[in-house]
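Take a look at the structure below.
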Amino acid sequence: MSTEVKPVVVAHDLRQVYKIGRGFLKTPDYLQAVGGVSFTLQAGKTLAVVGESGCGKSTLARMVALIERPSAGELRLGEVDVMTAPREARHALRRSVQMVFQNPYGSLNPRKKIGAILEAPLEINTDLSAPECAEQARAMLALVGLRPEHYERYPHMFSGGQRQRIAIARALMLKPSLIVADEPVSALDVSIQAQVLNLLADLQQDLGLAYLFISHDLGVVRHIAHDVMVMYLGHAVEQGEKRTLFAQPLHPYTQALLASTPGIPGSGALRQHTVLKGELPSPLSPPSGCVFSTRCPHVTPRCQIERPVLRSLAGRQVACHEAERFTQTAAEQHQPKRSPQDDPIQSRPCAQTQRAVRTGVAGPAGADAGWRQNAGVLLGR
Ligand SMILES: Nc1ncnc2c1ncn2[C@@H]1O[C@H](COP(=O)(O)OP(=O)(O)O)[C@@H](O)[C@H]1O
Ligand code: SF4
Ligand SMILES: [Mg+2]
């Protein structure tokens, strides 16, 4: 008998195109917010989706949370094929996937007490009696670290972190298998962020939840993710296991994001050069070829014509024609060092090398030295 565990989500080539009206008698424009994203998410795991504002993260979140129907692609939640399932089956699925938003205050009804907010999903979706609903709401308050007396209070009586706990509690009332969290800690102070991230991690461990975790902050992603998908202008440009991507990012955009994130080991030397140059192009007129070509320092004529597709390389998926260059650079860093006397070229370091050694720029030891040099190029050093 097969013991294979079915994934909680399987998405294949998921797309979302919005029709943008331009006024009476004018032909509409079409904006591709998500241009073909694929991933698999298992129970108890977190897939973090990162990228700049406007790259399509929330659109992806809304599709997976069944708030918007994808324009094309395949989406399976558990056993159900979302794209072909009848309306009733889709409706039933809504219980198994719940969303947590960035602004907890905006998503809680200010006129209702917390008890009533938590009981509402049960009253609508189950046949439980009022005392049973109240009992479950009180148990949920305890599970997310709130006190019994909070049951009788209103949302405005809580801090931001507590409100996000309430939003998480409400999302869990129907015992979902998947939580789609769209920037859930972005509006919170850093110390409170850590508490909410720890709560999410504990709940995942206890309840076996799968998280699709949307964030623009790689520092946050580093704490919570198992896998990471980096998005740029509606496309996944690099995705794979978090450790692999953080140790040696191969896409120039991932390199720039990582180098610009404070707190990531080794990024300090590049912090003063962390601003990614240029603007995200308009999704109404994306660049031809590689979507990152207008901001990439490694761009070649091929990049401007041919769009790179995601392909397997060095333990992850990456969409860059030049990605091998960055694996080589990092691999070279692993070569055992020879004595300068063995090598007549090394024994006479060029001015650039001497300058780099003096400033310490070329000095970060370890696996990430190569990509950080590339990021330095990208960030305009
Ligand atoms: N309902 C919509 N109608 C038209 N365009 C939209 C809609 N929702 C999002 N967009 C556009 O799709 C792109 C991606 O948006 P979004 O998914 O919100 O990005 P992110 O969450 O990464 O900031 C943006 O250019 C945004 O303006
Ligand atoms: S394909 Fe070319 S433009 Fe795109 S990220 Fe790679 S090197 Fe840069
Ligand atoms: Mg968003």
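Could you go through region 209-224 and let me know if any residue there is modelled with pLDDT of 95 or more, in the same structural domain as Arg15 (by TED's automatic domain parsing) and of a type in the set (Phe, Trp, Tyr). The answer is yes, given that some residue of region 209-224 is modelled with pLDDT of 95 or more, in the same structural domain as Arg15 (by TED's automatic domain parsing) and of a type in the set (Phe, Trp, Tyr).
Looking only at residues in region 80-111 that are of a type in the set (Val, Ile, Thr) and closer than 22 Å to Gln204 by Cα, the one that is surrounded by the most Cβ atoms within 10 Å (Cβ to Cβ) is Val100. If you filter region 186-208 down to residues that are modelled with pLDDT of 95 or more and in contact with a strand residue (DSSP E or B) (Cβ under 8 Å, 6 or more places away or on another chain), you find that the one that is surrounded by the most Cβ atoms within 10 Å (Cβ to Cβ) is Leu200. Among the residues of region 1-40, those that are more than 16 Å from ligand 1 (Cβ to nearest atom), among the hydrophobic types (A, V, I, L, M, F, W, C) and either buried (at least 21 other Cβ atoms within 10 Å of the Cβ) or not in a strand (DSSP E or B) (or both) comprise Met1, Val5, Val8, Val9, Phe24, Leu25. When every residue of region 129-150 is checked against the conditions, at least one turns out to be away from ligand 2 (no atom under 16 Å from the Cβ), without any contact (Cβ under 8 Å) to a residue 12 or more places away in the chain and of a type in the set (Ser, Thr, Tyr).
The selection criterion, being within 15 Å of ligand 1 (Cβ to nearest atom) and touching a Ser or Thr at 6+ places or on another chain (Cβ under 8 Å), holds for Val49.
Yes/no matrix, rows are residues, columns are (1) outside the structural domain of Val185 (by TED's automatic domain parsing); (2) at pLDDT 90 or above; (3) more than 16 Å from ligand 3 (Cβ to nearest atom):
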residue: Met231; (1), (2), (3): yes, yes, no
residue: Arg243; (1), (2), (3): yes, yes, yes
residue: Phe246; (1), (2), (3): yes, yes, yes
residue: Pro252; (1), (2), (3): yes, yes, yes
residue: Thr274; (1), (2), (3): yes, no, yes
residue: Pro286; (1), (2), (3): yes, yes, yes
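Of Glu74, Glu68, Glu88, all but one fail to be touching a His at 6+ places or on another chain (Cβ under 6 Å) and in the same structural domain as Gly36 (by TED's automatic domain parsing); the exception is Glu74. What about Ala256, is it among the small types (Gly, Ala, Ser), in the same structural domain as Pro286 (by TED's automatic domain parsing) and more than 13 Å from ligand 1 (Cβ to nearest atom)? So Ala256 fits the description; yes. In region 54-109, the residue that is nearest to ligand 3 (Cβ to nearest atom) out of those that are assigned to a loop (DSSP other than H, G, I, E, B) and free of Cβ contacts under 8 Å to residues at least 24 places away in the same chain is Gly106.
Quick check on region 173-200: of everything there that is within 16 Å of ligand 1 (Cβ to nearest atom), in contact (Cβ under 8 Å) with a residue 60 or more places away in the chain and part of a loop (DSSP other than H, G, I, E, B), which residue is nearest to Ile114 (Cα to Cα)?
Initial filter on region 173-200 (within 16 Å of ligand 1 (Cβ to nearest atom)): 180-187.
Checking the rest, the ones that are also in contact (Cβ under 8 Å) with a residue 60 or more places away in the chain come to 180-184, 186-187.
Those left that are additionally part of a loop (DSSP other than H, G, I, E, B): 183-184, 186-187.
On the way: Glu183: 22, Pro184: 19, Ser186: 23, Ala187: 21 Å.
My answer is Pro184.
Quick one: is Leu178 buried (at least 16 other Cβ atoms within 10 Å of the Cβ) and either outside the structural domain of Ala120 (by TED's automatic domain parsing) or closer than 19 Å to Lys45 by Cβ (or both)? Yes: the conditions hold for Leu178. Only a single criterion out of (1) more than 16 Å from Thr46 (Cβ to Cβ); (2) in a helix (DSSP H, G or I) is not satisfied by Gln204, namely (1). Answer yes or no: is there a residue in region 132-148 that is touching a helix residue (DSSP H, G or I) at 6+ places or on another chain (Cβ under 9 Å), of a type in the set (Asp, Glu) and either surrounded by 18 or more Cβ atoms within 10 Å (Cβ to Cβ) or under 30 Å from Gly36 (Cα atoms) (or both). No, that holds for no residue.
The number of residues in region 97-119 that are closer than 19 Å to Ile67 by Cα and modelled with pLDDT of 95 or more comes to 4.
Here Ala72 meets each of (1) away from ligand 2 (no atom under 16 Å from the Cβ); (2) surrounded by 16 or more Cβ atoms within 10 Å (Cβ to Cβ) with one exception, condition (2).
Within region 1-48, can you find the residues that are of a type in the set (A, V, I, L, M, F, W, C) and over 22 Å from the mean Cα position of the chain (by Cα)? Listed by number, the residues that qualify are Met1, Val5, Ile20, Phe24, Leu25.
The values are calculated or read from the model by the stated rules, or taken from the named source; none is laboratory data. Owing to the predicted nature of the structure, the values given are computational and were not obtained by experimental measurement. Cβ sites come from the backbone with ideal geometry, for glycine too, and all protein chains shown count toward neighbours.
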